[in-house]
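See below for the structure under consideration.
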Amino acid sequence: MKKQYKLAIVGATGLVGRTALTVLEEKKLPISEYVFFASSRSAGTKLNFMGKEYIVRELNESSFDEGFDFAIFSAGGDTSKKYSPIAASKGCIVVDNSSAFRMDPNVPLVVPEVNSEELINHKGIIANPNCSTIQAVVALKPLDDKYHIKRIVYSTYQAVSGAGIKGVEDLENQTCDEKNLKKFPHPIFNNCLPHIDVFLENGYTKEEEKMINETRKILKRPDLKITATTVRVPVMNSHSESINIEFEKDFHLEDLISTLKHAPGIIIQDDPSTNTYPLALNANGHDEVFVGRIRRDDSIPSGINLWVVADNIRKGAASNAIQIVEKLISSSKLEN
Ligand code: A2P
């Protein structure tokens, strides 16, 4: 196996890109060379990383000519659509955070705890799922394996960090004047917006459609019944989700909780007697998915409610992408 690798971060100056640097500093991956790209706006910016100063480069069509093993793209769909295929054509394995390739049948959509076996099928591009989907499927997969999910109802409470730096600024500025908003169509301060990404003809938003389609693809359940309402809330970071699940098979609640407890990447926080349940503030800075408020849905024969919280910039984006790179490094596919 090759000993040391070379990695590019595209969108290194953004929220996800900067968090990727933090996660890479924490992990001891066998990567010896890093190159950081952004647009012309921040080319020349200095980034401190692993005790060294790096100069951000402008991304262009020859950026990948020098040869990379991996690139993590977090610079929006248009940048991914244009530059990921260029990078892949030069032998670089791209882990793409945008939605550009997620539903492409030739592109694996991977959450390492759930379906890392899909990585072997990559053809140069691997898609990182939507942040809300990632944390949901970490909890859903072990339950689907054991009890076979019949239907899912998602209701999300999503942090502004998921909308990038401008979204964070709209909350920080605490403005209620629509003219001064940088990202959202209405004030996010003191408000909840049932509107994430654009509206589609069927009345759903694209974020809702992403959750539905990506969950089906990752769980390999193309016909699974799912509905979703995704809401932006005035929380800086970490998404919370209420997930209502109906199963084909019946279950004992203790067994179901034990199944979740032993599943990879999950921490159970569930003790009403001490007001213990997952909280956005406590999930910040962690890579695990926190699950609590686990209780039967008494309105149907075999259903439960879960409250699922995770750091959307870490597990929902940067950390998941880096975990994919980690898996690839330890797999033989890279040697093909
Ligand atoms: P830049 O700093 O030059 O704008 P966020 O989602 O937090 O706003 O971050 C978006 C990231 O994607 C930033 O690093 C941004 O760089 C980068 N980016 C945006 N457009 C391009 C582009 N055309 N080429 C390369 N990087 C881009």
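The values are calculated or read from the model by the stated rules, or taken from the named source; none is laboratory data. No experiment lies behind these values; they were computed from the predicted model shown. Counting neighbours? That spans all protein chains shown, and the Cβs are built from the backbone with ideal geometry, glycine included. These accessible areas exclude ligands, DNA and RNA; they are computed on the full protein's heavy atoms, side chains included. Shrake-Rupley method; radii C 1.70, N 1.55, O 1.52, S 1.80 Å.
How much of the DSSP bridge set in the range 1-146 is antiparallel, in percent, rounded to the nearest 5? Please list the in-between numbers first.
Values: 4 of 24 bridges.
Expressed as a percentage, antiparallel bridges in the range 1-146 total about 15.
How much net charge surrounds Ala38 when only other residues with a Cβ under 10 Å from its Cβ are counted (Lys, Arg +1; Asp, Glu -1)?
Details: positive: Arg41, Arg57; negative: Glu58.
With Lys, Arg at +1 and Asp, Glu at -1, the net is +1.
Can you compute the helix-only [θ] at 222 nm over the chain? Use -39500 (n - 2.57) per DSSP H run of at least 4 residues, normalise by all residues, nearest 500 deg cm²/dmol.
That calculation yields -8000 deg cm²/dmol at 222 nm.
Summing +1 for each Lys or Arg and -1 for each Asp or Glu, what net charge is found among the other residues whose Cβ lies under 12 Å from the Cβ of Tyr157?
Values: positive: Arg232; negative: Glu241.
So the surrounding residues net to 0.
Across every pair of different alpha-carbon atoms, what Kirkwood hydrodynamic radius in Å does the range 147-206 reach? Walk me through the intermediate numbers first.
On the way: mean 1/r = 0.0759 Å⁻¹.
Hydrodynamic radius (Kirkwood, Cα pairs) of the range 147-206 is 13.2 Å.
How much of the accessible area of the range 74-231, in percent, comes from carbon and sulfur atoms when a 1.4 Å probe is used? Before the final figure, lay out the partial values.
Numbers: 3370 of 6830 Å².
About 49 percent, which is the carbon plus sulfur part of the accessible surface.
Tell me the per residue accessible area of the chain using a 1.4 Å probe; a whole number in Å² is fine. Spell out each step's value before the answer.
Working: 15040 Å² over 336 residues.
Ligands and nucleic acids excluded, the figure is 45 Å² per residue.
According to a simple spin-label model (label point 7 Å from Cα along Cα-to-Cβ), what is the distance in nm between Asn48 and Asp271?
If labels sit at Asp271 and Asn48, their model points lie 3.9 nm apart.
Starting from the Cα of Ser39, step 7 Å toward the Cβ, then list every residue of the range 188-227 with an amide N under 12 Å from that point.
The answer is none, because no backbone nitrogen lies closer than 12 Å to the label point.
Considering only DSSP states other than H, G, I, E and B, which GluC sites (Glu not before Pro) in the range 122-204 qualify as loop sites with at most 16 other Cβ atoms within 10 Å?
Values: sites: Glu169, Glu172, Glu178, Glu201; in loops: Glu201.
Loop-located and lightly packed - Glu201.
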